[in-house]
Amino acid sequence: MNIFKKILKSFASILCKAVVIAIVVTIVPVILLRWVPPVTSSFMIQKWVASLRSDRKEYKIKYKWTSWDKISPHAGIAVVAAEDQMFPEHFGFDLESISDAIDKHSKGRRLRGASTISQQVAKNLFLW
């Protein structure tokens, strides 16, 4: 029985370390994006991979980060208004819109998006 406890304790220790590492590896880059512009996105990588598979010329990424204070304030407001009217009022997830979309879809209506700007940025940066 003593050996079982040692194995269980060792497994718990490894699991805890793995959880801490997973949190650090995923959260730290996201926090850094608050101050450091992203170097690429999943869309850019997808286009680059697709160009390698095709007969087209090599895909060249034309990317220039423009900070919020360098664009017209009207453009920023227009993007927020078009994409996420509740942006100033939620914490990254518009739970009311998500619930409404699920409810309407379950009643047979067309599925509509309920993602926030924050969710769209995460999808575009991290998901393939």
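The values are calculated or read from the model by the stated rules, or taken from the named source; none is laboratory data. Computed from a prediction, not measured in an experiment: that's the story for all the values here. Please note: Cβ atoms are built from the backbone with ideal geometry, for glycine as well, and neighbour counts cover all protein chains shown.
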Which count do you get for residues in the stretch 1-26 that are polar (S, T, N, Q) and surrounded by fewer than 10 Cβ atoms within 10 Å (Cβ to Cβ)? 1
Which of the residues spanning the stretch 53-78 are over 19 Å from K123 (Cα atoms), at pLDDT 80 or above and not β-branched (V, I, T)? K64, S67, W68, D69, K70, S72, P73, H74, A75, G76, A78
Here are some residues: L125, L111. Which one is more than 29 Å from T40 (Cα to Cα) and at pLDDT below 85? L111
Which members of the stretch 81-100 meet the condition of being of a type in the set (D, E) and assigned to a helix (DSSP H, G or I)? E83, E89, E96, D100
Residues of the stretch 27-80 being touching a helix residue (DSSP H, G or I) at 6+ places or on another chain (Cβ under 9 Å), part of a helix (DSSP H, G or I) and surrounded by fewer than 11 Cβ atoms within 10 Å (Cβ to Cβ), which ones? W68
Taking the stretch 86-100 as the region of interest, how many residues are polar (S, T, N, Q) and at pLDDT below 85? 0
Just to check your reading of the model, which residue among F126, F87 is under 29 Å from T26 (Cβ atoms), in contact (Cβ under 8 Å) with a residue 60 or more places away in the chain and out of contact with any Leu (no Cβ under 8 Å at 6 or more places or on another chain)? F126
Tell me which residues, restricted to the stretch 24-80, are basic (K, R) and under 19 Å from S118 (Cα atoms). R34
Matching option when the condition is outside the structural domain of Q119 (by TED's automatic domain parsing) and either of a type outside the set (A, V, I, L, M) or on the phi > 0 side of the Ramachandran plot (or both), among P88, P73, P29: P29
Is one or more of the residues making up the stretch 97-117 in contact with a His (Cβ under 9 Å, 6 or more places away or on another chain) and aliphatic (A, V, I, L, M)? yes
